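K.L.:
Here it is, the structure, as structure tokens.
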2 protein chains.
Amino acid sequence: MIRLDTAAPGFAAAFDTLVNDRREADADVSRDVAAIIGSVRREGDAALHAFTKKFDGHDLNDSGWRIERADCEAALETLDPDLREALTLARDRITAYHEKQRPADAEYAEDNGIVTGARWRGVDAAGLYVPGGRAAYPSSVLMNAIPARVAGVERLVIVTPTPRGEANLLVLAAAALVGADEVWRVGGAQAIAALAYGTDRIKPVDVICGPGNAWVAEAKRQLYGVVGIDMVAGPSEIVVVADRANDPEWTAADLLSQSEHDPTSQSILFTDDAGFADAVADAVDRQIGTLSTAKVARAAWDANGAIVLVRSLEEAMPLVNRLAPEHLELAVADPAPLFDLVRHAGSVFLGRHTPEAVGDYVAGPNHVLPTGRRARFASGLSVLDFMKRTSFLSLSQEGLAAIGPAAVRLAEAEGLPAHARSVALRLS
Amino acid sequence: MIRLDTAAPGFAAAFDTLVNDRREADADVSRDVAAIIGSVRREGDAALHAFTKKFDGHDLNDSGWRIERADCEAALETLDPDLREALTLARDRITAYHEKQRPADAEYAEDNGIVTGARWRGVDAAGLYVPGGRAAYPSSVLMNAIPARVAGVERLVIVTPTPRGEANLLVLAAAALVGADEVWRVGGAQAIAALAYGTDRIKPVDVICGPGNAWVAEAKRQLYGVVGIDMVAGPSEIVVVADRANDPEWTAADLLSQSEHDPTSQSILFTDDAGFADAVADAVDRQIGTLSTAKVARAAWDANGAIVLVRSLEEAMPLVNRLAPEHLELAVADPAPLFDLVRHAGSVFLGRHTPEAVGDYVAGPNHVLPTGRRARFASGLSVLDFMKRTSFLSLSQEGLAAIGPAAVRLAEAEGLPAHARSVALRLS
């Protein structure tokens with residue numbers, strides 16, 4: 001963890017480093033991934049079979065390629081009732097929020113018979129990657145699948161590695177809850193390639209979403225354009241802006257809720273009170289020891305944690321915008337004025353009673369958010385990621401007479417005579 | 001040009017080939033581009049200087065790095081008044097259409113003190129690539145710059161190669177018309193790298209848009225994630241669905257208006273009348289000879305043109321959806337029923353008096369559209385490409401009490417104790 005102070009000499013340079021040295025897992029996996037994609041494209045299911053044996057340690061012909069709907073339903077039924085209820089609440093609230101994102105079709109008629117507009121339609125099929133191992137989160141299934149469902153996607157396909165053939169029951173339960181149409185026991189770059197190009201068994205999809213390791217992320221990046229992808233995701237981040245009226249224990253827990261995700265996660269506190277900064281730092285150290293995720297949280301906090309002392313919380317906001325954090329908590333009594341200063345953030349949590357973790361699960365807005373300063377230009381996952389807009393134009397003879405001559409003039413100027421002729425023929 | 005008939009034996013396989021063998025310029029440029037990006041990232045302006053000397057044949061220190069605003073204004077003033085008027089009409093109509101795309105902020109308050117919502121903000125800076133040479137189109141400047149302006153982008157930067165130092169006056173005039181803030185005499189992959197990473201002279205941007213050759217497209221693909229990009233663009237396409245009541249000369253001109261763009265462009269006619277098909281084929285052959293773009297149009301039509309005979313125009317629509325064309329004309333008296341069958345298309349042109357070329361210039365909707373079957377999952381350029389959504393959440397104590405326990409339960413099930421604690425502390 002580093003401590004910075006906007007009033008200290010060298011602050012600007014130190015903060016630049018914090019902004020620019022945000023490391024992403026950039027192991028040189030791109031060659032490996034390109035080779036895997038090539039194999040799957042050429043050999044289809046045979047490649048999936050071989051890679052699964054090699055990386056996941058089981059034979060798909062023995063374990064079965066698919067997990068059946070009935071198995072997912074069974075996983076949901078055997079779930080602890082408390083947990084099933086929590087998942088159902090999450091599903092319902094996430095669905096309600098995302099339904100409001102559905103865009104409206106538009107049609108604009110002008111007096112002279114010119115009509116323009118746009119229609120939105122869902123993509124035909126979406127593929128959702130669900131990691132195996134540590135990051136196999138049912139909440140992630142909900143957050144990725146529900147926007148696709150709300151968009152009207154007809155075919156929702158889950159791919160997930162099952163190391164040694166063992167599936168994660170929580171993930172299966174979540175798959176049942178969102179009504180996934182297919183669940184395949186394949187993972188890694190090979191699963192992404194199968195979704196993009198299709199194999200005999202797995203039909204191709206139009207959009208691929210969901211978190212994954214460096215191989216999965218690189219495969220999505222390489223296949224961007226062949227299919228739509230949700231985004232390039234990096235390590236998770238939180239920025240907390242807090243005054244001294246907060247309970248340091250609460251703030252410490254909020255910072256640690258990012259640190260425990262991954263050793264590369266980043267947690268940063270901005271505060272205008274040095275005593276509060278010390279109290280939070282102490283509370284973090286105390287709390288870490290009690291976590292079952294202590295090892296990861298400690299590594300992340302030590303390497304990427306920061307506490308920045310500012311003259312005023314307003315002074316923090318331009319710095320926060322430079323970080324463009326995935327998650328931003330404004331833990332003050334009246335967060336509205338600070339919120340108005342936010343230009344770049346994935347999701348904002350307002351007030352003292354809004355810990356970011358509520359947003360991870362049950363609040364409604366999506367928890368798939370831009371990381372690594374990408375909130376400068378990118379948004380969280382939404383219904384729009386699973387829809388596309390078709391614009392349209394309709395001209396009467398009168399309408400064409402009104403605007404056609406300008407099109408002819410421009411086409412001629414650009415040296416495109418067939419463009420000009422296609423309009424001019426209709427004007428004569 | 002190939003002729004297909006849905007009733008002929010072998011149609012399915014032949015149409016599959018038409019759908020799947022859509023070639024993109026996939027010269028192996030990715031290594032070259034990676035090297036250029038690396039040089040610009042390491043050496044900044046020195047690399048730009050060297051690449052410009054090598055590829056564009058002029059010395060930036062002699063020709064000047066920037067084209068000044070005054071030079072753009074002068075280009076606009078010296079323009080033929082007719083042409084200036086046409087460009088201005090285009091700008092005003094494109095602006096009016098895109099202003100309606102601006103998304104509304106949302107806020108949803110629930111009874112128990114739970115508030116969710118989203119705010120949209122423009123990105124800080126956008127970079128627009130404008131090709132030199134054949135494809136230096138002022139209409140492209142308008143179509144890319146106006147959505148950025150409407151989105152509220154504060155800094156709009158144009159990069160454009162000026163071979164041997166010569167700038168395209170039409171492009172400069174368009175730059176003046178959209179109020180570009182900076183115009184730089186750099187092009188190719190090196191210009192994209194400069195926009196993404198910044199150099200001493202050129203500050204980095206957040207989103208890069210605009211057409212370009214294979215090097216430019218590959219640079220955008222490689223830098224996707226470092227910045228936002230508009231899309232991966234391929235050769236241009238048109239599908240025309242027409243009955244025999246159309247004038248074959250009009251239909252032929254519409255098909256040629258794509259063919260003349262590039263030898264890789266594709267034009268396809270679907271019709272239910274064999275005689276009309278013959279008449280259009282004849283008209284295309286006759287018209288090509290009269291075009292100044294004959295060489296390109298002939299190459300494109302010969303290699304990628306197609307006429308598909310269908311039993312009925314309704315039968316054509318599932319085939320059109322498989323092609324997911326960039327442009328689709330429905331040239332019939334009542335296009336509405338066919339339009340309702342369209343699932344995947346970039347932009348649709350309805351009726352006999354709506355040639356696609358009007359949409360290229362002055363109608364209002366954007367002419368930057370998904371190609372190469374990407375309309376299955378992608379949309380045309382819009383104001384949304386230059387904005388991003390920040391979701392938000394605000395909880396009262398009561399609201400947290402209502403949904404917090406479910407979050408605790410899910411966090412525990414996912415093995416994330418600090419997540420659970422950050423909520424639980426506030427519940428006690």
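The values are calculated or read from the model by the stated rules, or taken from the named source; none is laboratory data. What you see is a predicted model; the values in this text were computed from it and never measured. Backbone-built Cβ (ideal geometry, glycine too); neighbour counts: all protein chains shown. All accessible areas refer to the heavy atoms of the entire protein, side chains included, with ligands and DNA or RNA removed. Shrake-Rupley method; radii C 1.70, N 1.55, O 1.52, S 1.80 Å.
K.L.:
Would you mind stating whether A:E85 is among the acidic types (D, E), in contact with a helix residue (DSSP H, G or I) (Cβ under 8 Å, 6 or more places away or on another chain) and within 13 Å of another protein chain (Cβ to nearest Cβ)?
P.N.:
Answer is yes for this residue.
K.L.:
Failed condition for A:S236, given (1) without any contact (Cβ under 8 Å) to a residue 40 or more places away in the chain; (2) in contact with a helix residue (DSSP H, G or I) (Cβ under 7 Å, 6 or more places away or on another chain); (3) hydroxyl-bearing (S, T, Y), with all others met?
P.N.:
So the condition that A:S236 fails would be (1).
K.L.:
Looking at (1) modelled with pLDDT of 95 or more; (2) within 14 Å of chain A (Cβ to nearest Cβ); (3) over 20 Å from B:V183 (Cα atoms); (4) open to solvent by 40 Å² or more (accessible area, probe 1.4 Å), find the lone condition where B:P103 falls short.
P.N.:
(4)
K.L.:
Return the pairs, sorted by first residue and then second, in which the second residue is part of a loop (DSSP other than H, G, I, E, B) and open to solvent by 10 Å² or more (accessible area, probe 1.4 Å), the first residue lies in region A:278-299 and is more than 9 Å from every other protein chain (Cβ to nearest Cβ), the beta carbons are less than 8 Å apart, and the residues are 6+ apart or on different chains.
P.N.:
Going by the 8 Å Cβ cut-off, the qualifying pairs are A:A281/A:M1; A:V284/A:M1; A:V296/A:H261; A:V296/A:D262; A:V296/A:P263; A:A299/A:P263.
K.L.:
While we're on this one: Out of region B:332-354, which residues are assigned to a loop (DSSP other than H, G, I, E, B) and crowded, with 24+ Cβ neighbours inside 10 Å?
P.N.:
B:H344, B:A345, B:G346, B:T354
K.L.:
Here are some conditions: (1) in contact with a Ser or Thr (Cβ under 9 Å, 6 or more places away or on another chain); (2) aliphatic (A, V, I, L, M); (3) within 21 Å of B:V19 (Cβ to Cβ). B:V368 meets all but one. Which one does it not meet?
P.N.:
Failing condition for B:V368: (3).
K.L.:
Where the second residue is of a type outside the set (F, W, Y) and not in a loop (DSSP other than H, G, I, E, B) and the first is at positive phi and lies in region B:197-212, which pairs have Cβ atoms under 7 Å and are six or more apart or on separate chains?
P.N.:
Matching pairs, first to second residue: B:G210/B:L128; B:G210/B:S140; B:G210/B:N144.
K.L.:
Identify, please: which residue in region B:65-82 is under 28 Å from the mean Cα position of the chain (by Cα) and within 14 Å of chain A (Cβ to nearest Cβ) and is, among those, farthest from B:A363 (Cα to Cα)?
P.N.:
That would be B:A75.
Residue by residue, here is whether (1) among the polar types (S, T, N, Q); (2) buried (at least 24 other Cβ atoms within 10 Å of the Cβ); (3) touching a Leu at 6+ places or on another chain (Cβ under 9 Å); (4) within 13 Å of chain B (Cβ to nearest Cβ) holds:
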site: A:V183; (1), (2), (3), (4): no, yes, yes, no
site: A:G188; (1), (2), (3), (4): no, yes, no, no
site: A:L195; (1), (2), (3), (4): no, yes, yes, yes
site: A:R201; (1), (2), (3), (4): no, no, yes, no
site: A:D206; (1), (2), (3), (4): no, yes, no, yes
site: A:W215; (1), (2), (3), (4): no, no, no, no
site: A:Q222; (1), (2), (3), (4): yes, no, no, yes
site: A:P235; (1), (2), (3), (4): no, no, no, no
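K.L.:
Next up: Do we find that B:A357 is crowded, with 24+ Cβ neighbours inside 10 Å, within 7 Å of chain A (Cβ to nearest Cβ), in contact (Cβ under 8 Å) with a residue 40 or more places away in the chain and part of a helix (DSSP H, G or I) in this structure?
P.N.:
On the way: crowded, with 24+ Cβ neighbours inside 10 Å: yes; within 7 Å of chain A (Cβ to nearest Cβ): yes; in contact (Cβ under 8 Å) with a residue 40 or more places away in the chain: yes; part of a helix (DSSP H, G or I): yes.
Here the answer is yes, as B:A357 does meet what is asked.
K.L.:
Hey, among B:E249, B:E315, which residue is within 13 Å of chain A (Cβ to nearest Cβ) and acidic (D, E)?
P.N.:
B:E249
K.L.:
When A:W301 is evaluated against the numbered criteria (1) open to solvent by 10 Å² or more (accessible area, probe 1.4 Å); (2) within 30 Å of B:K388 (Cβ to Cβ); (3) part of a helix (DSSP H, G or I), which criterion, by number, is the only one it fails?
P.N.:
Condition not satisfied by A:W301: (1).
K.L.:
When you go through B:V239, B:V296, B:V232, B:V310 one by one, which is the residue that is in contact with a Gly (Cβ under 8 Å, 6 or more places away or on another chain) and under 27 Å from B:R374 (Cα atoms)?
P.N.:
B:V232
K.L.:
Please state which one of A:D62, A:D56, A:D45 is assigned by TED's automatic domain parsing to the domain that holds A:A196, among the charged types (D, E, K, R), within 20 Å of A:T199 (Cβ to Cβ) and within 26 Å of the chain's Cα centre (by Cα).
P.N.:
A:D56
K.L.:
Moving to a separate point now. Suppose we keep only residues that are under 17 Å from A:R69 (Cβ atoms) and at pLDDT below 95 within region A:139-170. Which one would you say is farthest from the other protein chains (Cβ to nearest Cβ)?
P.N.:
Ranking the qualifying residues of region A:139-170, first place goes to A:T162.
K.L.:
Please state which one of B:G210, B:G225, B:G234 is farther than 23 Å from B:P325 by Cβ and at pLDDT below 95.
P.N.:
On the way: B:G210 fails: farther than 23 Å from B:P325 by Cβ; B:G234 fails: farther than 23 Å from B:P325 by Cβ.
Answer to the selection: B:G225.
K.L.:
Find all pairs meeting these conditions: Cβ atoms under 6 angstrom apart; at least six residues apart or on different chains; first residue within region A:408-422 and facing chain B (nearest Cβ under 7 Å); second residue assigned to a helix (DSSP H, G or I) and surrounded by fewer than 21 Cβ atoms within 10 Å (Cβ to Cβ).
P.N.:
A:R409/B:D82; A:R409/B:L83; A:A413/B:L83
K.L.:
Here's another thing I want to ask about it. Name every residue in region A:106-120 that is of a type in the set (G, A, S) and crowded, with 18+ Cβ neighbours inside 10 Å, in order of residue number.
P.N.:
Within region A:106-120, A:G117, A:A118 meet the criteria.
K.L.:
Now, a different point. Quickly run through region A:367-381 and pick out the residues that are more than 7 Å from chain B (Cβ to nearest Cβ), open to solvent by less than 10 Å² (accessible area, probe 1.4 Å) and not hydrophobic (A, V, I, L, M, F, W, C).
P.N.:
If the condition is that a residue be more than 7 Å from chain B (Cβ to nearest Cβ), open to solvent by less than 10 Å² (accessible area, probe 1.4 Å) and not hydrophobic (A, V, I, L, M, F, W, C), then A:P370, A:T371 are the ones that fit.
K.L.:
If you take the residues in region B:308-331 that are in a strand (DSSP E or B) and more than 10 Å from B:V240 (Cβ to Cβ), which one is nearest to the chain's Cα centre (by Cα)?
P.N.:
B:V308
Residue-wise test of (1) farther than 17 Å from B:A253 by Cβ; (2) of a type outside the set (D, E).
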site	(1), (2)
A:F392	yes, yes
A:E398	yes, no
A:A402	yes, yes
A:P405	no, yes
A:L410	no, yes
A:A413	yes, yes
A:A420	no, yes
A:V423	no, yes
A:R426	no, yes
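K.L.:
Look through region A:247-286, keep the residues that are open to solvent by 10 Å² or more (accessible area, probe 1.4 Å) and of a type in the set (S, T, N, Q), and return whichever of them is nearest to B:R426 (Cα to Cα).
P.N.:
A:Q266
K.L.:
Within region A:25-82, count every residue that is acidic (D, E), open to solvent by 40 Å² or more (accessible area, probe 1.4 Å) and not in a helix (DSSP H, G or I). Quick ask: steps written out before the conclusion?
P.N.:
Residues of region A:25-82 acidic (D, E): A:26, A:28, A:32, A:43, A:45, A:56, A:59, A:62, A:68, A:71, A:73, A:77, A:80, A:82.
Keeping just the survivors that are open to solvent by 40 Å² or more (accessible area, probe 1.4 Å) gives A:26, A:28, A:32, A:43, A:62, A:68, A:71, A:73, A:77, A:80, A:82.
Next, from what is left, pick out any that are not in a helix (DSSP H, G or I): A:26, A:28, A:68, A:80.
Matching residues across region A:25-82 total 4.
K.L.:
Taking region B:394-428, which residues are buried (at least 19 other Cβ atoms within 10 Å of the Cβ) and acidic (D, E)?
P.N.:
B:E414
K.L.:
Now for a separate question. Considering region B:116-138 alone, what residues qualify as being of a type in the set (A, V, I, L, M, F, W, C) and at pLDDT 95 or above? It would help to see each step written out before you state the result.
P.N.:
The first filter runs over region B:116-138 and keeps only residues of a type in the set (A, V, I, L, M, F, W, C), leaving B:118, B:120, B:123, B:125-126, B:128, B:130, B:135-136.
If the condition is that a residue be of a type in the set (A, V, I, L, M, F, W, C) and at pLDDT 95 or above, then B:A118, B:W120, B:V123, B:A125, B:A126, B:L128 are the ones that fit.
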